[in-house]
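Trainee: My questions will all concern the structure given below.
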Amino acid sequence: MAFRGRRPEHGGPPELFYDKNEARKYVRNSRMIDVQTRMAGRALELLCLPEGQPCYLLDIGCGSGLSGNYLSDEGHYWVGIDISPAMLDAALDRDTEGDLLLGDMGQGIPFKPGTFDGCISISAVQWLCIANKKSDIPAKRLYCFFSSLYSVLVCGARAVLQLYPENSEQLELITIQATKAGFTGGVVVDYPNSAKAKKFYLCLFSGPSTFLPKGLNGNPDGEEEATESAITNERVRLSMARRAVARKSREWVLEKKERRRRQGKAVRPDTQYTGRKRKPRF
């Protein structure tokens, strides 16, 4: 469904796959930083959080802190959990603002009930579908993960989990265990007709069922896998890799308003004054 050739989770457990060499890519590879940040932005958009209100969020499989930095830039507070010590070391080297925790999501989320206002996860959940040792039973690990996640969210909160299912059976396994844990919701697919840009987002609701956001269609702005990007010895500033649009500019405001419209929220129509800077009052 998503990967070409051999999938990372088939090469061994995540704490071994994401070693220092792999972690270095998430610090120096501009393409990986850009793709990861875009997916974090889309996941945050699908959370449909209250506008202008800082929230306390959980980032599962936080890795080097790229998605967490996006949350910080949007004014939210967050806690990240990851199974790879090397990735967490990379996050510490980048001076991420969130709190970091070393842990296995398949053994449950170790927080008090009702701790978080929402949860995002980028490219992590599919790892629970692989048994790396005899004692690993994917269905049980998935249920343990989802049941504990349901507990740590406040009532009515959402979790948006971006994932790369290997096939429809694996996706069904994941959604069944999420439903058993008490979640409602469904899968949002962005760019379903694009082999390169197609993305799966599992949108879960820890309360009464609400509307399921629509997936993005049409042609994405640039194919994500069309070009190669080399690993350099210089770190790429996240603010440069994230977007070229200046914050609070007209383009930034129009983009944010369009995002709110896709969430089904009431937004004032665009005018010639949209995004115009106002003179300070005396």
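Trainee: Hey, among ASP99, ASP82, ASP95, which residue is closer than 22 Å to ASP19 by Cβ and either of a type in the set (Phe, Trp, Tyr) or surrounded by fewer than 17 Cβ atoms within 10 Å (Cβ to Cβ) (or both)?
Mentor: The conditions single out ASP95.
Trainee: Would it be correct to say that THR210 is modelled with pLDDT of 70 or more, open to solvent by 60 Å² or more (accessible area, probe 1.4 Å) and within 21 Å of CYS119 (Cβ to Cβ)?
Mentor: On the way: modelled with pLDDT of 70 or more: yes; open to solvent by 60 Å² or more (accessible area, probe 1.4 Å): yes; within 21 Å of CYS119 (Cβ to Cβ): yes.
Yes, satisfied.
Trainee: Mind listing just one residue for me: the one in segment 179-194 that is more than 17 Å from the chain's Cα centre (by Cα), not in a loop (DSSP other than H, G, I, E, B) and not basic (Lys, Arg) and, of those, surrounded by the most Cβ atoms within 10 Å (Cβ to Cβ)?
Mentor: Here is the first cut: in segment 179-194, the ones more than 17 Å from the chain's Cα centre (by Cα) are 179-184, 192-194.
Filter once more, keeping what is not in a loop (DSSP other than H, G, I, E, B): 179-180, 184.
This time we only want the ones that are not basic (Lys, Arg), so: 179, 184.
Details: THR179: 13, THR184: 15.
Selected residue: THR184.
Trainee: Which condition number does TRP78 fail, the rest of (1) within 19 Å of the chain's Cα centre (by Cα); (2) more than 30 Å from VAL253 (Cβ to Cβ) being met?
Mentor: (2)
Trainee: If I filter segment 42-50 for residues that are at pLDDT 90 or above, closer than 20 Å to GLU97 by Cα and not hydrophobic (A, V, I, L, M, F, W, C), do I get at least one hit?
Mentor: No, because not a single residue in segment 42-50 is at pLDDT 90 or above, closer than 20 Å to GLU97 by Cα and not hydrophobic (A, V, I, L, M, F, W, C).
Trainee: Can you say whether TYR77 is open to solvent by 50 Å² or more (accessible area, probe 1.4 Å), within 30 Å of ARG260 (Cβ to Cβ) and aromatic (Phe, Trp, Tyr), as far as the supplied structure shows?
Mentor: Yes.
Trainee: Continuing with the same structure: Which of the numbered conditions does VAL253 fail, given that it passes all the others? Conditions: (1) surrounded by 10 or more Cβ atoms within 10 Å (Cβ to Cβ); (2) modelled with pLDDT under 80.
Mentor: Only one criterion is unmet by VAL253, namely (2).
Trainee: For segment 145-171, give me the residue count where each residue is in a helix (DSSP H, G or I), modelled with pLDDT under 95 and open to solvent by 40 Å² or more (accessible area, probe 1.4 Å).
Mentor: 2
Trainee: Mind listing whichever residues of segment 127-137 are within 22 Å of LEU58 (Cα to Cα) and open to solvent by 10 Å² or more (accessible area, probe 1.4 Å)?
Mentor: TRP127, CYS129 - these are the residues of segment 127-137 that are within 22 Å of LEU58 (Cα to Cα) and open to solvent by 10 Å² or more (accessible area, probe 1.4 Å).
Trainee: Look at LEU142 and say whether it is open to solvent by less than 30 Å² (accessible area, probe 1.4 Å) and in a helix (DSSP H, G or I).
Mentor: yes
Trainee: Oh, and also: Applying the selection to segment 111-126, what residues are closer than 17 Å to LYS140 by Cα and either open to solvent by 30 Å² or more (accessible area, probe 1.4 Å) or not aliphatic (A, V, I, L, M) (or both)?
Mentor: Here is the first cut: in segment 111-126, the ones closer than 17 Å to LYS140 by Cα are 124-126.
GLN126, the sole residue that qualifies.
Trainee: Still on this structure, I have one more. In segment 17-75, what residues are in a loop (DSSP other than H, G, I, E, B) and farther than 29 Å from GLY207 by Cα?
Mentor: At the first step, the residues of segment 17-75 found to be in a loop (DSSP other than H, G, I, E, B) are 18-19, 29, 48-55, 61-65, 74-75.
Matches in segment 17-75: TYR18, ASP19, ASN29, SER64.
The values are calculated or read from the model by the stated rules, or taken from the named source; none is laboratory data. The structure displayed is predicted, hence computed values, not measured ones. Backbone-built Cβ (ideal geometry, glycine too); neighbour counts: all protein chains shown. Side chains are part of the model used for accessible areas, which takes the heavy atoms of the whole protein and leaves out ligands, DNA and RNA. Shrake-Rupley method; radii C 1.70, N 1.55, O 1.52, S 1.80 Å.
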